[in-house]
Amino acid sequence: MTPEAAIAARRRERASLIDVARHWVAASRGGGARITQAWVFGSAARGDHHAGSDIDVLVVATGLPDHPIDRLRTLAPLPGRVEAVVWTPEEFAAAQRRGDQIAVEVAAVGVDVRAHPAPASRS
């Protein structure tokens, strides 16, 4: 495999991981929570993922229950590789102010996954 082909394959893998998250976020709309923001962060966003990497997703939503487990229940069932963090807008703002690792990573490399999946790339 040429270096160019390897890079193209890596980009397709990354896009596939991000699409899994994008589809999950889209499927999570319409429940009790109203998603205002959603990003992939971590290795999938940076592109340094490996075969066993999870897909880290930060969801910011209103209308959430207090307990984290109950929050996940307001969203679509998690696909096997998705690891979700679900915050209210106030929790997200507080995390940004205190320099929380997730908030910093989202600001640096986060990929917005609120929109519908893009058509497949021809590369």
Notebook entry, point to check: Tell me, which residue of segment 45-92 that is in contact with a Phe, Trp or Tyr (Cβ under 9 Å, 6 or more places away or on another chain) and among the small types (Gly, Ala, Ser) is nearest to TRP24 (Cα to Cα)?
Noted result: ALA76
Margin query: Take PRO68 and tell me if it is under 16 Å from the mean Cα position of the chain (by Cα) and modelled with pLDDT under 95.
Written below: no
Next item on the list: Filter segment 92-108 down to residues that are touching a residue at least 24 places away in the same chain (Cβ under 8 Å) and out of contact with any helix residue (DSSP H, G or I) (no Cβ under 8 Å at 6 or more places or on another chain), then give me how many there are.
Entry: 1
Item checked: Subset of segment 48-72 that is surrounded by 14 or more Cβ atoms within 10 Å (Cβ to Cβ) and of a type outside the set (A, V, I, L, M, F, W, C) - its residue that is nearest to ASP100 (Cα to Cα) -> ASP56
Next item on the list: Tally the residues that are surrounded by fewer than 15 Cβ atoms within 10 Å (Cβ to Cβ) and in a helix (DSSP H, G or I), restricting the search to segment 88-103.
Entry: 8
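The values are calculated or read from the model by the stated rules, or taken from the named source; none is laboratory data. Keep in mind that this is a model prediction, so the values were computed, not measured. Here the Cβ is made from the backbone with ideal geometry for all residues, glycine too, and neighbour counts use every protein chain on show.
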